[in-house]
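What follows is calculated from the coordinates using simple rules that are stated; it is not laboratory data. Quick caveat, the model's predicted, so the values are computed rather than measured. Reconstructed Cβ throughout: ideal geometry from the backbone, glycine too, with neighbour counts over all protein chains shown.
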Amino acid sequence: MHGTMSADIAIRARNVTLSLGSKDAMTSILKGIDLDIARGESVAILGPSGSGKSSLMAILSGIERASGGSVSVAGVDYTPLDEDALARARRGRIGIVLQSFHLLPTMTALENVAVPLELAGSNVAFTKAQEELTAVGLAHRLTHYPSQLSGGEQQRVAIARAMAPGPDIIFADEPTGNLDETTSHAIVDLIFARKASNGATLIIITHDPALADRCDRIIEMRDGAIVADRRTLAAAG
Ligand SMILES: Nc1ncnc2c1ncn2[C@@H]1O[C@H](COP(=O)(O)OP(=O)(O)OP(=O)(O)O)[C@@H](O)[C@H]1O
Ligand SMILES: [Mg+2]
């Protein structure tokens, strides 16, 4: 049982630490992170390069294991799970969008979205993928390969892929880091629109203060720790 874990909490981290490196040269990367993120909340993570933002996201999204402390996501305590159980817990619940889009170059836009759905057991993978690509404005690019798409279009495919399973939580690590200003704006609008239509929780790493202000809450990291955590005006409206 999860004891006091509330149904309204999407993510709970308690005293999370991460140390990497070899035995005689350990680097302490996360130094005791405590964090509760409510369901449906949008949270921006800001902080200097090397402060541990991506490392924290890797742990909260179950890509990487904490060295110490505990992490619960969508009501499931990740801490005691083995690799298989962790993979099952994450499947369909977590969507991830990264700065470099990580599309498979030998697959079309449609296949990039559909194949992961198919591997997860969906029997309507291609129909669903087409719907998702239509939702991100790419109905006319289904059979294009990544090399035939612009950066913004590739990121739209990555968003469609992340959203297709209907995840409870969307993680985005500098999703506009490789895009020009106009394209970035459109991509951010799209992420918020897809978040809203899915009722998902959003955690977004960014260096852009304007983007951070669109979130309900801004968390600032420095040197492996959270040094500020505040609600924005967006949270009120
Ligand atoms: N495998 C590793 N072994 C040792 N140190 C690592 C390893 N991976 C990351 N680090 C260190 O952990 C620290 C945090 O890295 P992280 O990628 O989380 O930072 P970040 O805040 O996302 O930075 P950026 O804004 O540049 O993306 C950095 O100092 C980095 O060098
Ligand atoms: Mg990073």
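The relative contact order of region 53-119 comes to 18 percent, based on Cα pairs under 8 Å that sit 6 or more residues apart. Rounded to the nearest 10 degrees, the angle from helix 125-135 to the longest Cα principal axis of the chain is 90 degrees.
Compared with the dominant principal axis of the Cα atoms in the chain, helix 109-119 is inclined by about 60°. So what's the back-of-envelope 222 nm ellipticity for the chain, counting only DSSP H runs of four-plus at -39500 (n - 2.57) apiece and dividing by all residues, rounded to 500? The helix-only estimate for the chain comes to -9500 deg cm²/dmol at 222 nm. Summed over all non-identical Cα pairs, the Kirkwood treatment of region 85-172 gives a radius of 12.8 Å. With R₀ set to 45 Å, the beta-carbon distance separating residue 14 from residue 118 gives a calculated FRET efficiency near 0.80. Magnitude of the charge dipole for the chain, about its Cα centre and with charges confined to Cβ atoms of Lys, Arg (+1) and Asp, Glu (-1), is about 280 debye. Taking only the Cα atoms of the chain, the ratio Rg/Rh comes out at 0.96, with Rh defined as the Kirkwood radius. Would you mind checking the tilt of helix 151-163 against the longest principal axis of the Cα atoms of the chain, expressed as 0 to 90 degrees and rounded to 10? Helix 151-163 sits at roughly 70 degrees to that axis. Computed over the alpha-carbon pairs of region 144-237, the distance histogram in 10 Å steps reads 14, 46, 32, 7, 1 percent, short to long. I'd like the distance separating the alpha-carbon centroids of region 208-223 and region 150-170, in whole Å. Centre-to-centre (Cα) distance: 21 Å.
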